[in-house]
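Input: a single structure, listed below in structure tokens.
Read-outs: derived from the displayed coordinates by stated rules, not from any lab. Quantities reported herein were computed from a predicted structural model and do not represent experimental measurements. Every residue, glycine among them, receives a Cβ derived from its backbone with ideal geometry; neighbour counts consider all protein chains shown.
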Amino acid sequence: MNRNPFVSYPLQALCYGAFIAVVGYFATSPAYVHLPPGEALVKLSLSHAGERREPCHQRTPEELAKLAPNMRAATVCPRERVPVEVEVEIDGRPLFSATALPSGLAKDGTSTVYRRAAVPAGTHRFVARLRDSPAAGFGYVVERTVDLAPGRLLVIDFDRSEGGFVFH
């Protein structure tokens, strides 16, 4: 097929120009707004392993005698963990509520929670609760008053070694 270069080069330039115009438009418009004016962002991000569903127990001599010699562990600890329940309130109203199942095939891994919400900027009272044991009630409860500037990010995390909830 014989092509005329006087026609194909201008058509190529026109197509490239149209492509560049489309990419240029979407690179600048519509304008991206991270948060509307007067709002802040609250994120709940935690990865935590709940306690074991059942406590470890000692085998009796009769139970040990029934087992093969290589299976005679005196202490038995079931691997499954309880789900982690977490609640966060802002000014007395629920903001986040989640129940995270443990990961892993044997349900013995960590439970992971990630939530985010835009809230009005200003001073707010947060109450965070976490339950990670088979016992009733929340084992960790913390109340904090935080002043959120417009556009600010507040991250709520959980670290048992630091005593519970951490507000960044």
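Things to note:
- Inter-label distance for VAL146 and GLU63, nm, one decimal - labels placed 7 Å from Cα along Cα-to-Cβ: 4.5
- Taking CYS77, CYS15, CYS56 in turn, the Gaussian network model of the chain (Cα-Cα springs below 10 Å) assigns the largest fluctuation to CYS15.
- With the simple spin-label model, which puts each label point 7 Å out from Cα in the Cβ direction, the ALA74 to TYR16 separation comes to 8.1 nm.
- Dipole of the chain, positive direction: furthest Cα of PRO120, ALA98, LEU67, with charges on the beta-carbon: LEU67
- Listed residues LEU14, LEU101, LEU130, most fluctuating in the chain (Gaussian network, C-alpha, under 10 Å): LEU14
- The charge dipole of the chain, taken about its Cα centre with unit charges on the Cβ of Lys, Arg, Asp and Glu (plus for the first two, minus for the last two), comes to roughly 440 debye.
- The distance separating the Cα centre of the stretch 97-129 from that of the stretch 1-53 comes to 31 Å.
- Unpaired Cys in the chain, meaning no second Cys C-beta under 4.7 Å: CYS15.
- Residue exposure sequence - LYS66, LYS107 - by fewest surrounding Cβ within 10 Å: LYS66, LYS107
- Residue among SER45, SER29, SER133 with the largest mean-square fluctuation in a Gaussian network model of the chain, springs linking Cα atoms under 10 Å: SER29
- Mean separation of Cα contacts under 8 Å, 6 or more apart, over the residue count of the chain: relative contact order %: 26
- The stretch 64-152: translational diffusion in µm²/s, Stokes-Einstein, Kirkwood Rh over Cα pairs, 37 °C, 0.692 mPa s: 202
- Every Cα-Cα pair of the stretch 20-123 was included, and the share exceeding 20 Å stands at 66 percent.
- Stokes-Einstein D in µm²/s, Kirkwood radius over Cα pairs - the stretch 7-53 at 10 °C with 1.306 mPa s viscosity: 99
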